[in-house]
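Novice: Here it is: the structure, laid out below.
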Amino acid sequence: MAKQSLRKFVAPEVVFGAGARNQAGKYARNLGAKNVLIVSDPGVIAAGWLAETVRSLEENSVSHKVFSDVSPNPRSHEVMAGAEAYSAYGCDAIIGLGGGSPMDCAKGIGIVSTNGGNVLGFEGVDRIKVPCPPLIFIPTTAGTSSDVSQFSIILNENELVKIAIISKAIVPDIALVDYETTMTMSPYLTACTGMDALVHAIEAFVSAANSSLTDLHAAEAIRLISSNLKNAIAYPENIEYKNAVMLASLEAGFAFSNAILGAVHSMAHSLGGFLDLAHGECNAMLLEHVIDFNYEAAAERYDEIARLMGAQTERLSGPGKKNALLEKIKTLKRDAGITKTLAGAGVKKSDIPTLAKKAHNDPCLLTNPRKASARDIEVIYEQAF
């Protein structure tokens, strides 16, 4: 057996299952928190999840303040405003309650509250010097996996690009993962976040930094999403499907947080920041085109992904196996109702060189299985047009 290179694996403490969200107060108290800043957004508040979190804190004699000025694709100025609120309120811990936007914003607030400076100054890998305050995350969507990852994605609104902050310092202390919070999601949000989880898993599985540990989680996530996402969208009241997709998101988060990602995410960060588009939708528009580009560099792994998605590839040649995988991806997207192209999303051909330049500088590209030049990325965008 060949000697394997060393790999690290980081993850928070996880409580998974129905009712996990109601443990927020207990864990805040256990972490020594006296005054928690809850970072959320108006949609989550309207759905009633904030009220439950507040009740849990009150039952455990933990004070709280709320910061909810968070946009989809959280802006750097929102992070800075949240950090000011954290300091002004005298908080000593943070609860991130919501989808990827409130949770990523919560991480940014944590970074600035202990390190100072502007959140944009922490772009890249391992730039955080001082640990964050205690972080407790409660996801209300199944896909972003910010609740278990060492990523925070923040929009630089001046440059119209999303930046990636990657550090074990922003892995939450506790993730309370409860599928019941996803029962208020719209079908399209379920579709977009589910596709985001699928891309997390696929990119982790073919990443240049994958390991046997990340492979286990990525493979299970791919299998769960392929088997359950269509039904989770079609039957939104079915707890079995909702639970399966939430578990898939968790598994995918463990995988990509430790194996990192690839060209789909580097291109989606550029695209989503430029046009302020939903992240999962951006990933879905790009996925099959990146696979087509990458395939020869990781053919065996993509063939295994096809098998995990249910493709019958045993009697197919290499090109046949690739096409079978691409058809599985396209079919899942159609079933999920995600049919938009880049042109349909508002991208102009003249935007592509700018998008490609920004994507080429994204740290997620470093672990893509095939090296990609800025021109390569332009061609992929053109194919997705």
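Novice: Just to be sure I understand the model, the point goes 7 Å from the Cα along the line to the Cβ. What's the resulting Lys129 to Leu160 distance in nm?
Specialist: Result for the modelled spin labels: 3.5 nm.
Novice: Quick one: check the C-alpha center-to-center distance for the stretch 1-65 versus the stretch 183-243, whole angstrom.
Specialist: 21
Novice: With θ set to phi - 60° and the Karplus curve 6.51 cos²θ - 1.76 cosθ + 1.60, what are the ³J(HN,Hα) couplings of the stretch 250-258 in order, to the nearest whole Hz, using x for Gly and Pro?
Specialist: 4, 4, 5, x, 4, 5, 6, 4, 9
Novice: Computed FRET efficiency, Cβ-Cβ of Lys348 and Arg370, R0 35 Å: what is it to the nearest 0.05? Intermediate results must be reported in sequence, preceding the final value.
Specialist: On the way: r = 27 Å, r/R0 = 0.77.
With R0 = 35 Å, the Cβ-Cβ based efficiency is 0.85.
Novice: Here's something else I'd like to know. Can you list residues from other chains, or at least 5 along the same chain, whose modelled amide H is less than 5 Å from the amide H of Val161?
Specialist: Excluding prolines and chain starts, which carry no amide H, the hits are Asn156.
Novice: Students often forget the sequence filter, so: which lysines lie under 23 Å Cα-Cα from Lys371 once same-chain residues fewer than 8 apart are removed?
Specialist: Lys162, Lys321, Lys322, Lys357, Lys358
Novice: Could you pull out every residue, at least 5 positions away or on a different chain, whose amide H is within less than 5 Å of the one on Ala93? Hs are placed 1.01 Å off N in the peptide plane, and Pro or chain starts have none.
Specialist: The answer is Asn35, Leu37.
Novice: Could you pull out the pairs from Lys242/Lys328; Lys8/Lys230; Lys107/Lys330 whose alpha carbons sit more than 27 Å apart here?
Specialist: Beyond 27 Å: Lys8/Lys230; Lys107/Lys330.
Novice: While we're looking at this one, here's another question. Which percentage, to the nearest 5, of the DSSP beta bridges contained in the stretch 13-182 is antiparallel?
Specialist: Percentage antiparallel, nearest 5: 20.
Novice: Related question: Could you please report the charge total around Cys364, scoring K, R as +1 and D, E as -1 over all other residues with beta-carbon less than 14 angstrom from its beta-carbon?
Specialist: Charge balance in the 14 Å sphere: 0.
Novice: Tell me the label-point distance for the pair Asn30, Glu300, using the 7 Å Cα-to-Cβ offset, in nm and rounded to one decimal.
Specialist: In this crude spin-label approximation the distance works out to 4.1 nm.
Novice: Another question, then. Determine the relative contact order of the chain: mean sequence separation of Cα pairs under 8 Å and six or more apart, normalised by residue count, in whole percent.
Specialist: Relative contact order, the chain: 16 percent.
Novice: Under a 5 Å amide H to amide H cut-off, with H placed in plane at 1.01 Å, what residues pair with Val14 once short-range neighbours are removed?
Specialist: Here Ala175 satisfy the definition.
Novice: Given N residues in the stretch 186-383, what is its alpha carbon radius of gyration divided by 2.2 N^0.38 Å?
Specialist: 0.96
Novice: Tell me, in nm to one decimal, what length is gained between Ala234 and Ala51 on full extension, where the rule is 0.36 nm per residue of separation less the Cα-Cα distance?
Specialist: Contour length minus the Cα-Cα distance gives 63.0 nm.
Novice: Send over the per residue convex hull volume for the stretch 1-122, Cα only, as a whole number of Å³. Mind dumping the intermediate values first?
Specialist: Values: hull volume 19.0 nm³, N = 122.
Value for the stretch 1-122: 156 Å³ per residue.
Novice: A follow-up question, please. How high is the FRET efficiency between Leu316 and Phe385 when r is their beta carbon distance and R₀ equals 22 Å, given to the nearest 0.05? Don't jump to the answer; show the numbers that get you there.
Specialist: Details: r = 29 Å, r/R0 = 1.30.
With a Förster radius of 22 Å, E is 0.15.
Novice: Turning to a different aspect of this structure: Counting only C-alpha contacts under 8 Å and six or more residues apart, can you give the relative contact order of the stretch 13-182 as a whole percent?
Specialist: 27
Novice: Something else: Report the antiparallel proportion of the DSSP beta bridges in the chain as a percent, rounded to a multiple of 5.
Specialist: Counting DSSP beta bridges with both partners in the chain, the antiparallel share is about 20 percent.
Novice: Explain nothing, just compute: Karplus ³J(HN,Hα) = 6.51 cos²θ - 1.76 cosθ + 1.60, θ = phi - 60°, for every residue of the stretch 266-274 in order, whole Hz, x for Gly and Pro.
Specialist: For the stretch 266-274, the Karplus-derived couplings read 4, 6, 5, 4, 5, 5, x, x, 5 Hz, x marking Gly and Pro.
Novice: Here are several values of percent of Cα pairs over 41 Å apart: (1) 21; (2) 28; (3) 9. Which one was derived from the coordinates shown?
Specialist: So the structure-derived entry is (3).
Novice: Antiparallel DSSP bridges in the stretch 107-173: what percent, to the nearest 5? Intermediate values should be presented prior to the final figure.
Specialist: Details: 6 of 8 bridges.
Of the beta bridges lying entirely in the stretch 107-173, close to 75 percent run antiparallel.
Novice: Can you work out ³J(HN,Hα) from phi for every residue in the stretch 91-108, in order, using Karplus 6.51 cos²θ - 1.76 cosθ + 1.60 and θ = phi - 60°, giving whole Hz and x for Gly and Pro?
Specialist: Calculated HN-Hα couplings, in order: 7, 9, 6, 10, 10, x, 10, x, x, x, 5, x, 5, 5, 4, 4, 5, x Hz.
Novice: What length, rounded to one decimal in nm, is gained on full extension from Thr341 through to Ala209, with 0.36 nm per residue of separation minus their alpha-carbon distance?
Specialist: Using 0.36 nm per residue and subtracting the Cα-Cα distance, I get 44.5 nm.
Novice: A follow-up question, please. By how many nm would the segment from Thr184 to Lys357 lengthen if fully extended, with 0.36 nm per residue of separation less the alpha-carbon distance?
Specialist: 58.5 nm
Computed from the coordinates by the stated procedures, all read-outs in this text should not be read as laboratory data. Bear in mind that the values here come from a model prediction, so they are computed numbers and not experimental data. Here the Cβ is made from the backbone with ideal geometry for all residues, glycine too, and neighbour counts use every protein chain on show.
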